[in-house]
Amino acid sequence: APLWRPRPRQSIRTLLAHGGGSGMTAAEPPPAGDEAPQDPAGVLVLLVLGLQGMGTLFAFNTIITPLKYYELRFAASPFSSSFESMLSITFNAVALASIVAFQRLQHVIRLRTTIFATLACELVVFATLTVYTLSPLRRPADELHALLEASSTASFTVTLCCTALAAAATGLLNGSVVAYCAMFPARYTQVAVGGMALAGLAVSVAGLATTVPTQNQLVAAAGAGSERDAIAAAGAYYGVAVAVFAACLASFAWADATPFARHVQAKHALASCSSQSGPPGGAVGA
């Protein structure tokens, strides 16, 4: 009697009827040369995955860039001279731990769920930073400086906590986006990596656009007027991050639901099922 019996094969149509592999976890990529069918939506999906690649590193670049604002906001705290190192170390340490955790859990967590959850987390984090950053502007000008000094340590604590949350989401998002792109032909991963490279440039442009009008005032620290300008610029800067992550979330929801993406996912699931149903070591008992 044979020692091994092949599992029933599923067609792509069957998999599409059951959600197109939407519950897939990070698995092996499809065989080399396994190209996705041509579809007009494929080009748009390609651009969306490039945007997701930019989103994976946008949080880090956003956190470490507004140093002049941090100098103003944390000036009266015990961390006025060490905040830059503490924010950077916290982000990198938490992100590394998150990436390690993803490597251990990637075969049991759903990629789509992870991407949605991490993008939503980034959106909430930077929306919180935006609101918190702009909140002192509700006070009269003559009370602003005293408020900034009194809340300096609390502001650092809030920023550090938001940094840790953004870092945890970034680590999971990075691994999930790369694994998701691996289901598609190689050019999709290449575009996502290109998006990662554009993240730093995009943040720099956003920072330039929001700080150039007040840079001289901020360096001179010439009273409450420059303080209000600096806070408003930082709030606008975080607002750009909110817009980017909102665009990432909305575009991924659209792209993942397209027939093109569902077909690719189903084809990948079929290839994974076929590879897992083979006999151990390639030997078949007689």
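How many residues are part of a helix (DSSP H, G or I) and either surrounded by 22 or more Cβ atoms within 10 Å (Cβ to Cβ) or of a type in the set (Ser, Thr, Tyr) (or both) when one looks only at the stretch 252-266?
Residues flagged as part of a helix (DSSP H, G or I) and either surrounded by 22 or more Cβ atoms within 10 Å (Cβ to Cβ) or of a type in the set (Ser, Thr, Tyr) (or both) within the stretch 252-266 amount to 5.
Could you list, in sequence order, the residues of the stretch 96-113 that are open to solvent by 60 Å² or more (accessible area, probe 1.4 Å), under 16 Å from the mean Cα position of the chain (by Cα) and among the polar types (S, T, N, Q)?
113 - this is the single residue of the stretch 96-113 that is open to solvent by 60 Å² or more (accessible area, probe 1.4 Å), under 16 Å from the mean Cα position of the chain (by Cα) and among the polar types (S, T, N, Q).
Looking only at the stretch 69-81, which residues are open to solvent by 40 Å² or more (accessible area, probe 1.4 Å), assigned to a loop (DSSP other than H, G, I, E, B) and out of contact with any Asp or Glu (no Cβ under 7 Å at 6 or more places or on another chain)?
Once the filter is applied, which keeps residues that are open to solvent by 40 Å² or more (accessible area, probe 1.4 Å), assigned to a loop (DSSP other than H, G, I, E, B) and out of contact with any Asp or Glu (no Cβ under 7 Å at 6 or more places or on another chain), the stretch 69-81 yields 75, 78, 79, 80, 81.
Within the stretch 231-251, can one find any residue that is more than 30 Å from residue 70 (Cβ to Cβ), hydroxyl-bearing (Ser, Thr, Tyr), open to solvent by less than 30 Å² (accessible area, probe 1.4 Å) and modelled with pLDDT of 85 or more?
Yes, there is a match, as at least one residue in the stretch 231-251 is more than 30 Å from residue 70 (Cβ to Cβ), hydroxyl-bearing (Ser, Thr, Tyr), open to solvent by less than 30 Å² (accessible area, probe 1.4 Å) and modelled with pLDDT of 85 or more.
Among (1) closer than 22 Å to residue 129 by Cβ; (2) surrounded by fewer than 23 Cβ atoms within 10 Å (Cβ to Cβ), there is one condition residue 182 misses while meeting the rest; what is its number?
Result: residue 182 fails condition (1) only.
Residue under question is residue 133, and the condition is that it be within 30 Å of residue 262 (Cβ to Cβ) and not basic (Lys, Arg); does it hold?
The answer is no for residue 133.
Please identify the pairs in which a residue from the stretch 143-159 that is closer than 19 Å to residue 91 by Cα has its Cβ atom under 7 Å from the Cβ atom of a residue that is open to solvent by less than 70 Å² (accessible area, probe 1.4 Å) and basic (Lys, Arg), counting only partners at least 6 apart or on another chain.
Cβ pairs passing all conditions: 155/73.
Residues 116, 58: which one is on the phi < 0 side of the Ramachandran plot, surrounded by 20 or more Cβ atoms within 10 Å (Cβ to Cβ) and out of contact with any His (no Cβ under 6 Å at 6 or more places or on another chain)?
58
Out of curiosity, is residue 93 surrounded by fewer than 16 Cβ atoms within 10 Å (Cβ to Cβ) and closer than 26 Å to residue 247 by Cβ?
It is false that residue 93 is surrounded by fewer than 16 Cβ atoms within 10 Å (Cβ to Cβ) and closer than 26 Å to residue 247 by Cβ.
Quick one: is residue 87 more than 28 Å from residue 228 (Cα to Cα), of a type in the set (A, V, I, L, M) and either at pLDDT 55 or above or part of a helix (DSSP H, G or I) (or both)?
Spelling it out, it is not the case that residue 87 is more than 28 Å from residue 228 (Cα to Cα), of a type in the set (A, V, I, L, M) and either at pLDDT 55 or above or part of a helix (DSSP H, G or I) (or both).
The values are calculated or read from the model by the stated rules, or taken from the named source; none is laboratory data. Here the structure is a predicted model, which is why all the values come from computation and not from measurement. Counting neighbours? That spans all protein chains shown, and the Cβs are built from the backbone with ideal geometry, glycine included. Surface accessibility is based on the protein's heavy atoms, side chains included, excluding ligands, DNA and RNA. Shrake-Rupley method; radii C 1.70, N 1.55, O 1.52, S 1.80 Å.
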